[in-house]
Amino acid sequence: MTNTNPHCRQFQKHLSHLKVDGYWVSHISDLFYLMGYGAEGCWGLFGKHRAALFVPMLAVEQAAALAKGFEIIPLKKLSEAYAMVVDYARQAGWKTIGYDPSHVTEAYILGLRKASGSKLKWVPAPGATTPLRVKKDSKELKALRGAGHVVVQGFNYMKRIARPGMRECDLAAEYESYIRKHGATKASFDTIVAAGKNAAYPHYITGNKILRKNEMVLCDIGALVDGYCSDLTRTFFLGTITPLGRKVYDTVARAQKLAIQAVQPGVKAAQIDRIARDEIERAGYGRRFIHSTGHGVGVEIHEAPWVGAASKDVLEAGMIITVEPGIYLQGWGGVRIEDTLLVTRTGHEILTK
């Protein structure tokens, strides 16, 4: 069968750099990126000139409709699956197969090695798709812009309907319903609505707390459009903002603005983190900025490049990153402001403006 997926073809060319004959993929996001379909229980096997998708019986028809041009091989039992993968590789004449140890349990690899015997070698090769996924093509950018547009509209809707007396989970549910009606498949991660003191927890789990007058409301939200994510955080106040609230909010806003202004090709990702962190430290809240400044976004909500103090990444045109400084004061609350950006040839484009 003829594979026309450009990402898969790039990956097949990339295999020579990995020094393996084939590569085994079980990570759902990688499968979607390379084949157009990924689901629990699916495996992809890629060689330089052929690729197959091993699929549970219940998913065969949908996989065939979405992963066009690939061999679709039904999996009946896990006990038989290992032998099927090994037989495919042997028939292709492969001797070595790479895999990403960060996305597969040791039990799977032990099963594959046992089925392979001494004729097939399994080689750890982590992050094999990262060099391809880190820079987005025109089709991906269309989806990412769409996701950015929907999440912004969703937040504007949240602001219009938010009122004292609502529960956090009610506002989150209204947001998710809205984006589904306006172009998104679903939220790109669990929606965070954190009111009052709960905003002090960066990855708060939305609960039943009632929104109250003059409280802050931190909304960390995303939308999934055509398989690609967006990420947006805004903090607003239901009424009057206190002097402390104004100081913290303005500090975070300045830190984000300065960091965004520095985003362009050739800049080290760690420098973006440093700029935001320096501004927050100058205001006396350095110890209250407790996470990195950002991360990449694509088919996953967190992917390369990484925008933190220890990052070795250098920004290139086509990369997508977030810039999201925050200040969190236990017992009071917190403020985070986040946007998703595209690094362009001349600077950057804010996708969640």
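The values are calculated or read from the model by the stated rules, or taken from the named source; none is laboratory data. This one's a predicted model, so the numbers in the text were calculated from it and none came from an experiment. Every residue, glycine as well, gets a Cβ built from its backbone with ideal geometry; the counts of neighbours run over all protein chains shown.
Does Ser118 meet the test of being surrounded by fewer than 12 Cβ atoms within 10 Å (Cβ to Cβ) and closer than 21 Å to Val299 by Cβ? Judged against the criteria, Ser118 is not a match. In this structure, is Gly154 closer than 26 Å to Ile210 by Cα and part of a helix (DSSP H, G or I)? Taking the combined requirement at face value, the residue satisfies it. Which condition breaks for Glu40 when tested against (1) closer than 27 Å to Lys136 by Cβ; (2) in contact with a Leu (Cβ under 7 Å, 6 or more places away or on another chain); (3) of a type outside the set (S, T, N, Q)? Checking Glu40 against (1) closer than 27 Å to Lys136 by Cβ; (2) in contact with a Leu (Cβ under 7 Å, 6 or more places away or on another chain); (3) of a type outside the set (S, T, N, Q), the one that fails is (2). Name the one entry in Tyr108, Tyr37, Tyr33, Tyr99 that is among the aromatic types (Phe, Trp, Tyr) and surrounded by fewer than 20 Cβ atoms within 10 Å (Cβ to Cβ). Result: Tyr108 is the single residue among Tyr108, Tyr37, Tyr33, Tyr99 that is among the aromatic types (Phe, Trp, Tyr) and surrounded by fewer than 20 Cβ atoms within 10 Å (Cβ to Cβ).
Scan (1) touching a residue at least 60 places away in the same chain (Cβ under 8 Å); (2) crowded, with 20+ Cβ neighbours inside 10 Å for the single condition Gly44 breaks and write down its number. The failed condition is (1).
Residue by residue, here is whether (1) at pLDDT below 95; (2) closer than 22 Å to Ile28 by Cα holds:
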site	(1), (2)
Ser118	yes, no
Lys135	no, yes
Leu141	no, yes
Val151	no, no
Asn156	no, no
Arg160	no, no
Leu171	no, no
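A Cβ distance below 8 Å, combined with a sequence gap of six or more or placement on separate chains, defines the contacts here; from region 162-184, residues that are in the same structural domain as Ala223 (by TED's automatic domain parsing) reach residues that are in a helix (DSSP H, G or I) and small (Gly, Ala, Ser) in the pairs Tyr175/Gly154; Tyr178/Gly154; Ile179/Gly154; His182/Gly154; Gly183/Gly146; Ala184/Ala147; Ala184/Gly154. Given the options Lys135, Lys213, Lys139, name the one that is over 30 Å from Glu316 (Cα atoms) and of a type in the set (Lys, Arg). On inspection, the qualifying residue turns out to be Lys213. Checking each residue in region 58-87 for being part of a helix (DSSP H, G or I) and in contact with a Phe, Trp or Tyr (Cβ under 6 Å, 6 or more places away or on another chain) picks out Ala63, Leu66. Looking at region 271-330 only, could you name the residues that are in a loop (DSSP other than H, G, I, E, B) and among the hydrophobic types (A, V, I, L, M, F, W, C)? Of everything in region 271-330, those that are in a loop (DSSP other than H, G, I, E, B) and among the hydrophobic types (A, V, I, L, M, F, W, C) turn out to be Ala283, Phe289, Ile290, Val297, Val299, Ile301, Ala309, Ala310, Leu315, Ala317, Met319.
Of all residues in region 64-115, those satisfying the criterion of being among the charged types (D, E, K, R) and out of contact with any strand residue (DSSP E or B) (no Cβ under 6 Å at 6 or more places or on another chain) are Lys68, Lys76, Lys77, Glu80, Asp87, Arg90, Lys95, Asp100, Glu106, Lys114. Say whether the condition of being surrounded by 22 or more Cβ atoms within 10 Å (Cβ to Cβ) and under 26 Å from Gly318 (Cα atoms) is met by at least one residue in region 191-200. No: zero hits. Scanning region 205-220 for residues that are in contact with a strand residue (DSSP E or B) (Cβ under 9 Å, 6 or more places away or on another chain) and either surrounded by fewer than 15 Cβ atoms within 10 Å (Cβ to Cβ) or over 18 Å from Tyr249 (Cβ atoms) (or both) yields a total of 8. Lys135 fulfils the conditions (1) more than 16 Å from Met216 (Cα to Cα); (2) free of Cβ contacts under 8 Å to residues at least 60 places away in the same chain; (3) of a type in the set (D, E, K, R) except for a single criterion, (2).
When His27, His17 are screened for being buried (at least 17 other Cβ atoms within 10 Å of the Cβ) and in the same structural domain as His103 (by TED's automatic domain parsing), only His27 passes.
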